1. Does residue A:349 fit the bill of being more than 16 Å from the ligand (Cβ to nearest atom) and touching a Phe, Trp or Tyr at 6+ places or on another chain (Cβ under 6 Å)?
2. Anything in the range A:481-523 that is open to solvent by 10 Å² or more (accessible area, probe 1.4 Å) and within 14 Å of chain B (Cβ to nearest Cβ)? List them, or say none.
3. Restricting attention to the range B:310-334, report how many residues are aliphatic (A, V, I, L, M) and either open to solvent by 20 Å² or more (accessible area, probe 1.4 Å) or over 22 Å from the mean Cα position of the chain (by Cα) (or both).
4. Does residue A:221 count as open to solvent by less than 10 Å² (accessible area, probe 1.4 Å), within 14 Å of another protein chain (Cβ to nearest Cβ) and within 16 Å of the ligand (Cβ to nearest atom)?
5. Within the range A:312-329, which residues are more than 15 Å from the ligand (Cβ to nearest atom) and more than 18 Å from residue A:249 (Cα to Cα)?
6. Restricting to helices (runs of 4 or more DSSP H) lying wholly in the range A:72-182: which have 3 or more residues that are open to solvent by less than 10 Å² (accessible area, probe 1.4 Å) and more than 14 Å from chain B (Cβ to nearest Cβ)?
7. Checking the structure you have, find out if any residue of the range A:344-362 is surrounded by fewer than 23 Cβ atoms within 10 Å (Cβ to Cβ), among the small types (Gly, Ala, Ser) and assigned to a helix (DSSP H, G or I).
8. Could you say which residue among B:84, B:55 is surrounded by fewer than 20 Cβ atoms within 10 Å (Cβ to Cβ) and over 25 Å from residue B:308 (Cα atoms)?
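The values are calculated or read from the model by the stated rules, or taken from the named source; none is laboratory data. Values in this document were obtained by computation on a predicted structure and should not be read as measured data. Virtual Cβ from ideal backbone geometry, glycine too; neighbours counted across all protein chains shown. Side chains included, ligands, DNA and RNA excluded: accessible areas come from the protein's heavy atoms. Shrake-Rupley method; radii C 1.70, N 1.55, O 1.52, S 1.80 Å.
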Amino acid sequence: MSGSATVQAQNASDNYLFNTKGFLSWALTLDHKRIGMMYLVGVMGAFLLGGILALILRAELADPENWFLTNKQYNQVFTLHGAVMVFLFIIPSVPAALGNFLVPVMLGAKDVAFPRLNLGSFYLWVIGAIFFLVALLSTGLDTGWTFYTPYSTQTSGPVVAATLGVFILGFSSIFTGLNFIVTINTMRPPGMTWFRMPLFLWATYSTSIIQVLATPVLGITVLLLAAERVIGIGIFDPKFNGDPVTFQHFFWFYSHPAVYIMILPGMGIISELMSVHSHKGIFGYRFIAYSSVAIALFGFLVWGHHMFTSGMANVTVIVFSALTFSVSIPSAIKVFNWLATMYKGTVQLNTPMCYALNFIFLFTIGGLTGLWLGTLSTDRPLHDTYFVVAHFHYVMMGGTMVAFLGGVFHWWPKMTGKMFNDFWGNISCLVVFIGFNMTFLPQFVMGSRGMPRRYATYDPQFTVFHEWSTYGAFTLGLGLFIALGVLIHSLLRGKQAPDNPWGGATLEWQCSSPPPYYNFHTAPEVNDPYNYKPLTYRGEKGWEYVRPKPSTVPQQPDQVQV
Amino acid sequence: MSHDHAADHGHDHPSFLAHHFDDPEQQFDAGKLGIWIFLVTEVLFFSGMFCAYALYRSRNPEVFTFASTFLNTKLGAFNTGVLLFSSLTMAWGVRCAQLRQRGGLVLCLALTLICASIFLGVKAVEYTHKWDMGLLPAHFYLSQYAQTIEHHDWAPFKELVGQAHMTWLTKLCILPGLITIGFAAWLFSTLKSKERRKIEVAGSMLLTALAFFGGIGIGRVFQAAEEAAAAHSTDHGDKHAATDADHKHDAASADHATAASADKTMLVSTDSQTKIGAPSIEQIDQKGGAGLFFSIYYCMTGVHAVHILGGMVVLTWLLVRASKDVFHEQYFGPVDYVGLYWHLVDLIWIYLFPLLYLIR
Ligand SMILES: [Cu+2]
């Protein structure tokens, strides 16, 4: 859009952040961008809380004995660390915070299909978070974030409050997913065909399918657990001929697909970042798009790999193992396509791209070590050791959290209208990279040497690994604080961001930074989201769209160019 | 929200069309897809309990055969009919909305609400009768045939919900009673104001509240008939049932008698199957046996009843809006969506009824 600078000047007052003022204009807003920003603040708060709990755990583990936490306190802290990180941070991080901001803008729509429901989801998230804080501040939950029976039916901890919190958060997640599916299906503007959608939208769509199909099962599972505690239904209690393993099946039927709720949107972010910051069209668009859907569907068939040692028929175990391997195929397709996208591209190592490269390294380690755990013979000794802890931290934290940060940096100029300090952003990424590997690589080693997870004390032979892991955790914390500092500094001192600072071709870069209330003043022009040829760099003004000469414009707007 | 931007957008935006939609068709399609996806989540929500049912039934078939004899099939069948009829009135209501028949829509919604209320009344009779007998979830279940256990000594459950000075049914009637009085007072005040639309709504709500007590009445009639039949069979029946009945309050005798016949068949089959180790009646009539059946029974029907209650709340909202004549050919989406939800709740009951009451 050649006249975007003047459009921006005209509407300087009309941006979604300042078009209305006052607390209620935010608390009761139906604007998806404001709701996304409120989520962003909320999930970052949850991340801070979960991170502090993690540092407490790591500090305790620096010494083989209980030096400032009792065993019971240690159990409570790791339970809350896990529950807060999973339910309050990772699951809503990308879809609810970034997704809410981006989905309608990338799609070229004015809002999500159900803005009231969207606000309702946010408040459900807040209420669920309050339930968790109650559990934290009362006697303390000590079941682990998985609430395994029969322990969870017997412990004195606030299981009912926590399960109701999970139930409410689950519905928050379901309604977000429902909103996105309907938005993407029914609110696409003319010209926005399925295969012109940015890959972030494909990833969000796949995620939403999982949210809608898997989360209700978690809802009924935790509801039955609460009923077990309140009216003694006994179906998970061996005392009444109930079956605790049934709980595990129900729980993992949700919680394995939930892993893809966490990682798929992160992969969507990486697809955008790789292409934009390499200034090269994405390699294998359709493969990446379809692999998102494939991961979502395969993800429903592999929950048993969490229960290889819980007692299942041998045939079942083998089938679950084989299916688990099949999920690695679409994941690997994505990684190879990202690498191929960079090949012969003009790679710019700015902060979002550094985080994206960080993601690829860490996620690949996380994914490959998953194969050890999916293999039956190696899973037996590795089950419930630090190897598992390291594996899922590489996927969840090295994957999702790093992708989330990359996404936050990438869209920060769009969301806030401010540029950040790229040098310090890169430093934060480097410190995170070093700290992360220092924390979790030693855990692979001690896990394979038999260090079991969830213990406050350990055999002195593991001390050196735990010490390094603790140093690493504090380094990682430092890196994240630098990142936070960069973002806060940009809010206070940042330069005004141009409409298109990176040279992206997706629709969100066509509207002003920050976008106006209705996202687009004029209907956006839908083109190939990864065609960078018409974009020209104009220094301070960022990248500008130069209309190709009429002869090169495709005559049929619906023609797919991939 | 949209007034300050009205200049840029939608000069021809009618009031029923939300600002972010282009036309009524898009709005309707979005809502329709949304409600279908919501129904999918509802099905999956119930699927957890259907799975639990299938699992425990396949493991302990004789427990389910034994315990389901305590359920009153006639009450279940009556309720099935009530819900089916309410689905008809709901579907009719959708048609009325499409044709802009305000009166017809209000009538259909009111009838649907009344049916829902009757359903809950009958359910209240069923539930309270079982609570009186100690047919409770596993932890509180009282063995029905163990001679050593006092039949009404179920202290833990009493501790949980307070000492029972009144019958369970009376207690359950307190809140609906208060609601009825409230609606009656509201109707009275609207009669004074003579606003026809308010009178319609208040009247419908009062009838709905009264229908709960109607349902209780019908339930009691069915229950009494069952008891009479049971007493009859006890007179002619076998010795075991007669001696058993001596211990029992008359309110409890009906289900005991039905179960007594089951007991007999059970004992017969036990005799014939001792070689292959079929469980005895004592093993079945336990917290971990029949108690587990009632756990599943209460979970499934309880969650279903909560869905009926939720449906009543949205139906009431529709009734208020329908009385204001907001629905027409271009805008009937909400009626349609609530209708779909209502049919699903109905459909779930269509599965629950045979699974819990009929398969023996
Ligand atoms: Cu898994």
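1. For residue A:349, the condition - more than 16 Å from the ligand (Cβ to nearest atom) and touching a Phe, Trp or Tyr at 6+ places or on another chain (Cβ under 6 Å) - is not met.
2. A:517, A:518, A:520, A:521, A:522, A:523
3. Selection size over the range B:310-334: 6.
4. yes
5. Passing the criteria: only A:329.
6. A:100-107, A:115-137
7. no
8. Within the list B:84, B:55, the selection yields B:55.
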